[in-house]
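The values are calculated or read from the model by the stated rules, or taken from the named source; none is laboratory data. Since we're looking at a predicted model, the values are computed, not measured. Methodologically, a virtual Cβ is constructed for each residue, glycine included, from the backbone with ideal geometry; neighbour enumeration extends over all protein chains shown.
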Amino acid sequence: MNILLLGSGGREHALAWKINQSDESHTLYIAPGNAGTANCGMNVLLDLNDFASIAKFCVENKIEMLIVGPEEPLVKGLCDYFKSKPALEKILFVGPSQQGAALEGSKAFAKAFMLRHQIPTAKYKEFTIENYTEGVQYLQQHSLPIVLKADGLAAGKGVVICHNPVEAIAEFELMIQQSKFGEASKKVVVEAFLDGIEMSVFVLTDGKNYVLLPNAKDYKRIGEGDKGLNTGGMGAVSPVPFATPSFMAKVEERIIKPTINGLQEDGIDYKGFVFIGLISVGGEPFVIEYNCRLGDPETEVIIPRLKNDLIGLFERTCKQELDQVKIDMDSRTAITIVAVSGGYPGAFEKGFPIEGLEIEVSADSLVFHAGTKSDGETILTNGGRVLCVTSFAETVYEAVEKSRDVLEQIYFDGIYYRRDIGYEFL
Ligand code: AMP
Ligand code: GLY
C-alpha cells in the first residue's frame, strides 16, 4: 500500500518504525518527517496547513492511506477536505472529521459533550467578552485552586491553574481582553481543580466500535521530581501501575463507552485515535481533556508494546470493522526518556551535531528521533525535544536503567534528560 504519514516528531518516528515492522510491504512517505523517519520511508516537504499541496501529492503518488500525527490539520478540517473531493474520498483517512477533532480543538465543545453524555469531568462554566463581568464574579466566589483554559489550541500552554482570586482575575483579563492566546482565548472555560494522579488512555475507534490500546503516563515538567516549567513531555511509562483492572473497568464503563456512543448519537464521523487525559481522584476517574491524536512521547511507549499490525488495524478502522480485532500487547513495561536541547522549554539553539547515533543498541531498546535533521552527512539537532530512547524490561527500574545506558553514549551540545522517569513507581 502507498501510505502518507503527516508529522515530524518522535510520535511519527515510532509510527513509521512500526509500519516498517509489517509483514506486508508498503511504500511509506512521511511529511515533513525527521532524520529518523528517513530510515523508514521517504521524507517529503509538505506544509501541513496547505491542504491543496497534500492533496496534489496524494493524487500524484497514488496514496491509498493517509495517517495524521498532529492535531492541527484535523482541527482545521483536513479529513472533511479529503471526503469532499472525488479524487481523494477513497483514500483511507486515519483521523477524525473537523467536528470530531473539536473534542481537542475546543475545550468548551468537549465540556458540553461530556455534560450531554454524562461523562465525569470537573464542573465548569464558559465565558467570553459578552458575559465577562459575570465571569469575574464567578472567579471571586469560586473555591481554590481554580483552572482557566483557553478554548482553542494554544500549543499546550492554554491551561493556567490559579491559587488566588487576584491571580485568576488577572489571567482571565489577559485571556479574554488582551487575547493572550489570540483567537484561542476569546472564550475561556473556568473549571474546578481536581486533585489526584493523572494518566492517559488511548482508544482507536471506527466511530462505532473501539479497541483499547496500551495506557501510559507522561512526565511534562522539565525538572526531576516533576519540578520546573511544562514541556511537550520528557518521558513516559506504559503500562501505568495504578491502572488496575478494576480502575480500567470504571474507565471503560463511565468514560470510553459513553464517549464512543456519544460520538455516534451526535452524528460525528470519527475514525481515529481518542487520547483521553484522566485524573484518578481517590480511585474515581474524571476526564481532564480529550485529544484527537496520539500523545508524544506516549506513542513511543505504547506503539512498541502493540503487537498487532498497525496498517491492518487502520484498515479495519476505516472500514468500521474494529469489532473483529483483538489487541495483543507486550506484557513488559516500556519507558521512554526524552533528550532535549539546552535551554528548552525556553529559548534554545539548533544545529548541533549528534554523536553516538551509530551505536548498536540491544533488542530491548529503540532510539526515536524527534527534532533532528540531516545535512547530508551529519545528523543535527533541529528542535527542543531532540530524540528519545525507549526500553523494555520486566520492571520500570530496569527499563529506565537500559534507556539511561543508551543515552550515556549519545551526545550533543547542551543535551539534557530526566533520569527519574517513572520515579513514583520504583
Ligand atoms: P490540558 O491542556 O487540558 O491537558 O491541561 C494541562 C494540564 O493541566 C493537565 O495535564 C493537568 O495537569 C492540568 N489540569 C487541567 N485541568 C485540570 C483540573 N480540572 N484539575 C487539575 N488539574 C488540571
Ligand atoms: N504528551 C502530551 C501530548 O502529546 O499532548
*Which of the residues belonging to the range 368-426 are outside any loop (DSSP other than H, G, I, E, B) and among the charged types (D, E, K, R)?*
LYS373, ARG385, GLU398, GLU401, LYS402, ARG404, ASP405, GLU424
*Condition check for ALA16: part of a helix (DSSP H, G or I) and touching a residue at least 12 places away in the same chain (Cβ under 8 Å)*: yes
*When the range 267-277 is examined, which residues are found to be in a loop (DSSP other than H, G, I, E, B) and either near ligand 1 (Cβ under 10 Å from one of its atoms) or hydroxyl-bearing (Ser, Thr, Tyr) (or both)?*
TYR270
*Kindly check whether there is at least one residue in the range 278-299 that is crowded, with 18+ Cβ neighbours inside 10 Å, touching a residue at least 60 places away in the same chain (Cβ under 8 Å), in a helix (DSSP H, G or I) and aliphatic (A, V, I, L, M).*
no
*Quick one: how many residues across the range 186-205 are under 29 Å from LYS250 (Cα atoms) and either of a type in the set (A, V, I, L, M) or in a loop (DSSP other than H, G, I, E, B) (or both)?*
12
*Residues that are within 19 Å of GLU289 (Cβ to Cβ) and either outside any loop (DSSP other than H, G, I, E, B) or within 16 Å of ligand 2 (Cβ to nearest atom) (or both), drawn from the range 115-142*: LEU115, ARG116, THR121, TYR124, LYS125, GLU126, PHE127
*Which one is farthest from the chain's Cα centre (by Cα) among residues in the range 214-236 that are in a strand (DSSP E or B) and over 20 Å from VAL386 (Cβ atoms)?*
LYS227
*So LYS149, is it closer than 24 Å to SER280 by Cβ, charged (D, E, K, R) and touching a helix residue (DSSP H, G or I) at 6+ places or on another chain (Cβ under 6 Å)*: yes
*Using the structure shown, decide if GLU104 is touching a Cys at 6+ places or on another chain (Cβ under 6 Å) and in a helix (DSSP H, G or I).*
yes
_Please verify whether LYS208 is within 14 Å of ligand 2 (Cβ to nearest atom), surrounded by fewer than 16 Cβ atoms within 10 Å (Cβ to Cβ), in contact (Cβ under 8 Å) with a residue 12 or more places away in the chain and not in a helix (DSSP H, G or I), treating the condition exactly as stated._
no
*in a helix (DSSP H, G or I), free of Cβ contacts under 8 Å to residues at least 40 places away in the same chain, under 26 Å from the mean Cα position of the chain (by Cα) and away from ligand 2 (no atom under 16 Å from the Cβ): does that describe GLU183?*
yes
_With the structure loaded, tell me whether ASP323 is in a loop (DSSP other than H, G, I, E, B) and either away from ligand 2 (no atom under 16 Å from the Cβ) or under 17 Å from ALA370 (Cα atoms) (or both) or whether it fails that test._
no
*Tabulated pairs, the range 143-159, first assigned to a loop (DSSP other than H, G, I, E, B), second modelled with pLDDT of 95 or more and of a type in the set (Asp, Glu), C-beta under 7 angstrom, 6+ apart or interchain*: LEU153/GLU71; LEU153/GLU72
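Matching residues to (1) buried (at least 22 other Cβ atoms within 10 Å of the Cβ); (2) more than 12 Å from ligand 1 (Cβ to nearest atom); (3) closer than 30 Å to CYS318 by Cα:
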position: LYS111; (1), (2), (3): yes, no, yes
position: LYS123; (1), (2), (3): no, no, no
position: ILE129; (1), (2), (3): no, yes, no
position: VAL136; (1), (2), (3): no, yes, no
position: LYS157; (1), (2), (3): no, no, no
position: PRO165; (1), (2), (3): no, yes, no
position: GLN178; (1), (2), (3): no, yes, no
position: PHE193; (1), (2), (3): no, no, no
position: GLY196; (1), (2), (3): no, no, no
